[in-house]
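The block underneath contains the structure these notes are about, expressed in structure tokens.
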Amino acid sequence: MKKLITFGIVLPVFVALVTLSCSTDTHEDLPGVEIFQATPYNIPQARFFPKNLNIPSDNPMTLEGVELGRYLFYDGRLSGNSSNDMLMSCATCHIQEHGFEVGIDHPKFTGGRTFGLPTEDHPNGKPTPNFMLPLVNSVYNHNGFLWNGFVNEGNEQLGTATIPDKPEFNFKNIESLVWMSITSSHEMNSTIEKSVAAIQAVPMYKGKFKAAFGDEEINYDRISKAIAQFVRSIVAQNSKFHKYLRQEAELTSLEKRGHDLFFSEDADCFHCHGGSVLMTTNEYFNNAKDKKFDPADRDRHAISGDPMDIGAYRAPSLINIEKTAPYMHDGRFKTLDEVIDFYSEGLVYSDYVHPLMKNVRQQGVQLNDADKAALKAFLLTLTDHEMLKSPQYTCPDELKVWSGQ
Amino acid sequence: MKKILIYLVMPVFILLFAQCKKSEDPASAKKTGALVLKFEHFADNASLAFDTLHYVNAAGNTYEVSEIQWFVSDVVLTKADGSKVELDNNNFAHYIDTNLPETAIWKINNEVPAGEYAAITFVFGIKGEKNMPFMFTDPPKSDMLWPSNLGGEQGGYHYMKLNGFWRNSAGEREPFNFHLGVGQTRDADGKVTGFVQNWFESTLQGPVNIQANQTNTLGIRMNVEQWWEQPHVYDHNTIGGKIMQNQQAMQMGVENGRNVFSLVQHAEDPVL
């Protein structure tokens, strides 16, 4: 009878349970197979910051991945070189104390003008086409990367003249920026094979790749993913302005006056730079700098094809703005004072100017000296001193001789 | 033995029923239909052509429109007997951006009681008590921020940004930002003394027929030239290119705005 119960009733019922169950979620445990799982890394969720993060599903952030990415970010051997005078890492130009820009006072990149490793054609290095953008809060950006948004999710281009047109060599996200930097003649000026081999030759990386990805294999895909994870981890959420919004700090009367100018049509900065705590909309604007435009200048029009985007470039984040001189895509302004003067009385009309530049016919917003001083005081509250010094973003001790800084 | 069998089998069947979603009894199902709102932007009775300086407003200003970004919220259907159906569907405000074509479609509610309604009402912008600063943290909605120094604690976001150009009295093409949101009252020195809620309700007469078990599409059309036509003739040459700190100009826009919208019955559903 027991058998009857077991095989005649209970078993069929359980079979029915399994086959007819409404749940479609099934999990299979494979005995003896170790499933790799790194430790999830969570972006700190500060008040008022976006919740929608730009983290690709095939590259979830993990503590181990971010840490590996930090090492690779600071390793000049990523350029495929090992001699001291030829090392170039991401951090050669992306310097933490400058909001991960190069800054205007760099001893080698004079005035903030960066250039690549030497070539036969350019023994002193090929100049980069535009000046730098900061690598801060990029995890919140869904609207493309670089000054004109060339790297974006909708970009279907594959490969370059020196890179095969394979799906992994796309131009869609931060991962793409890694191999673009490696191969670009005005940056590391290397090849993927050479760079991967150089990293493979460093013994310490085997364990770090295993911790991040489950085994010791070192390849291009993992290198770019790890560095992208580290870049996404760089967030600035603790400037005085952010703390003021969270009622953790007070602005001085001068800073508050500047705040009210910034967030009004008197100085009218906020329509492009202040829609959120990111201090940028990540949109593209022709901001009335020029009357004539060169198609070779890599503007937004080169990407969108829209005539209204001629002369348009990304509105960069103003977080850490005091540390990221020179300003504009071509670095034409050396100081914040010059920038404020430009928006006050230096605008020039063209048929492509964005309508948000509504004071263009008056040459600008016409601020007096007191207003300019107040506006500058407010801009200085946008510096996140904690981020600029945070150990989680600094060069690992063992890489200081290899960083190419 | 029978008891053992019952005790063994019953829990299993209970488990089975508990896991399975109950199938609905067709006879007891509500008769409802889905409602989709489709937003259109017109000028001079035709679909708005962007970036062309050829429209002329009531004041005689030649103008062009570059982009329109705006919020619609608190949509309500009203029957002839006065009864109302709120359609917020847990997403009370919808953002429309002419740079983002997908925002022209709002699948507002999947279970609207079927029947004939006399009118549809919506709020242009966002009511003050709901318009909290920083309630939207993600772009593009967050980019509609209306600063608290201009809007207070109940003026967190623009109702609308309508950006374009007009040919000014000197014959130059000049930008304008027709931005509506919370206004300010000011003292003689220009210091802000209070805030003015400028959102308004727009009621469009139907009939609006909601067919059961169908997706019903309604068009809501913004007739752009009406922002500057009646009862106030709005002259860009007089008012200038910016109005966020000019309550008198915003008031004109708000009063003209009551004539801006019209209802369009669509024969075909949009591609969703």
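For this structure, a couple of remarks:
- The strands (runs of 3 or more DSSP E) located wholly in the stretch B:59-151 that include 1 or more residues which are within 14 Å of chain A (Cβ to nearest Cβ), among the polar types (S, T, N, Q) and open to solvent by less than 50 Å² (accessible area, probe 1.4 Å) occupy B:62-78.
- Of the residues making up the stretch B:95-112, none is in contact with a helix residue (DSSP H, G or I) (Cβ under 9 Å, 6 or more places away or on another chain) and at pLDDT below 95.
- Flag if residue A:58 is modelled with pLDDT under 90, among the acidic types (Asp, Glu) and farther than 29 Å from residue A:274 by Cα: no
- If you go through the stretch A:27-44 and keep only what is modelled with pLDDT of 95 or more and surrounded by fewer than 17 Cβ atoms within 10 Å (Cβ to Cβ), you end up with A:39, A:40, A:42, A:44.
- Among the residues making up the stretch A:183-204, those that are under 24 Å from the mean Cα position of the chain (by Cα) and not polar (S, T, N, Q) are A:186, A:187, A:188, A:192, A:196, A:199.
- Against the conditions (1) β-branched (Val, Ile, Thr); (2) within 30 Å of residue B:133 (Cα to Cα); (3) touching a strand residue (DSSP E or B) at 6+ places or on another chain (Cβ under 8 Å), residue A:39 satisfies every one except (2).
- Residues satisfying the stated conditions in the stretch A:340-354, i.e. open to solvent by less than 20 Å² (accessible area, probe 1.4 Å) and more than 16 Å from residue A:264 (Cα to Cα): A:342, A:347, A:350, A:353
- Unique residue being buried (at least 16 other Cβ atoms within 10 Å of the Cβ), assigned by TED's automatic domain parsing to the domain that holds residue A:295, closer than 24 Å to residue A:237 by Cα and touching a residue at least 12 places away in the same chain (Cβ under 8 Å) when the list is A:376, A:358: A:376
- Pair list, Cβ < 6 Å and 6+ apart or interchain, from the stretch B:240-253 residues that are of a type in the set (A, V, I, L, M) to residues that are surrounded by 20 or more Cβ atoms within 10 Å (Cβ to Cβ) and part of a loop (DSSP other than H, G, I, E, B): B:244/A:265; B:249/B:243; B:250/B:198; B:250/B:243; B:252/B:234
- Scanning the stretch A:352-383 for residues that are aromatic (Phe, Trp, Tyr) and either in contact with a helix residue (DSSP H, G or I) (Cβ under 6 Å, 6 or more places away or on another chain) or under 19 Å from residue A:242 (Cβ atoms) (or both) turns up just one, A:378.
- In summary, residue A:388 fulfils each of the numbered conditions (1) in a loop (DSSP other than H, G, I, E, B); (2) in contact with a Gly (Cβ under 9 Å, 6 or more places away or on another chain); (3) not assigned by TED's automatic domain parsing to the domain that holds residue A:287 with the single exception of condition (1).
- Taking each residue of the stretch A:293-318 that is more than 13 Å from chain B (Cβ to nearest Cβ) and looking for partners that are among the acidic types (Asp, Glu) and open to solvent by less than 60 Å² (accessible area, probe 1.4 Å) with beta-carbon atoms closer than 8 Å, six or more apart or interchain, yields A:293/A:299; A:297/A:330; A:299/A:309; A:301/A:309; A:303/A:309; A:311/A:290; A:311/A:299; A:313/A:299.
- Positions within the stretch B:180-220 being of a type in the set (Gly, Ala, Ser), part of a loop (DSSP other than H, G, I, E, B) and in contact (Cβ under 8 Å) with a residue 60 or more places away in the chain, in sequence order: B:181, B:212
- For the stretch A:391-405, filtered to residues that are in a loop (DSSP other than H, G, I, E, B) and at pLDDT below 95, the residue that is surrounded by the most Cβ atoms within 10 Å (Cβ to Cβ) is A:404.
- Meets criteria (in a helix (DSSP H, G or I) and crowded, with 23+ Cβ neighbours inside 10 Å) for residue A:199: no
- Failed criterion for residue A:103 (all others in (1) part of a loop (DSSP other than H, G, I, E, B); (2) open to solvent by 10 Å² or more (accessible area, probe 1.4 Å); (3) more than 14 Å from every other protein chain (Cβ to nearest Cβ); (4) closer than 26 Å to residue A:238 by Cβ hold): (2)
- Options B:234, B:157; residue that is over 30 Å from residue A:257 (Cα atoms), touching a helix residue (DSSP H, G or I) at 6+ places or on another chain (Cβ under 6 Å) and at pLDDT 95 or above: B:234
- Check on residue A:170, open to solvent by 20 Å² or more (accessible area, probe 1.4 Å) and on the phi > 0 side of the Ramachandran plot: no
- Comparison of B:170, B:188 shows that the only residue that is at the interface with chain A (Cβ under 9 Å from one of its Cβ atoms) and either of a type in the set (Phe, Trp, Tyr) or open to solvent by 60 Å² or more (accessible area, probe 1.4 Å) (or both) is B:170.
- Hey, residue A:282 in contact with a strand residue (DSSP E or B) (Cβ under 7 Å, 6 or more places away or on another chain) and closer than 18 Å to residue A:147 by Cβ or not: yes
- Condition check for residue B:201: among the charged types (D, E, K, R), more than 20 Å from residue B:103 (Cβ to Cβ), open to solvent by 70 Å² or more (accessible area, probe 1.4 Å) and away from every other protein chain (no Cβ under 14 Å): yes
- Members of the stretch A:329-352 found to be small (Gly, Ala, Ser) and within 14 Å of chain B (Cβ to nearest Cβ), listed by number: A:350
- Helices (runs of 4 or more DSSP H) contained entirely in the stretch A:228-317, each with at least 2 residues that are buried (at least 20 other Cβ atoms within 10 Å of the Cβ), within 20 Å of the chain's Cα centre (by Cα) and of a type in the set (Val, Ile, Thr): none
- Restricting the stretch A:263-280 to residues that are of a type in the set (Ser, Thr, Tyr) and at pLDDT 95 or above, the residue that is nearest to residue A:242 (Cα to Cα): A:280
- Residue A:344 being among the polar types (S, T, N, Q) and either assigned to a helix (DSSP H, G or I) or over 27 Å from residue A:113 (Cβ atoms) (or both): yes
The values are calculated or read from the model by the stated rules, or taken from the named source; none is laboratory data. Nothing here was measured: the structure is a model prediction, and the numbers come from that model. Note that we place each Cβ from the backbone using ideal geometry, even for glycine, and neighbour counts take in every protein chain shown. Keep in mind that these areas ignore ligands, DNA and RNA; they rest on the heavy atoms of the full protein, side chains included. Shrake-Rupley method; radii C 1.70, N 1.55, O 1.52, S 1.80 Å.
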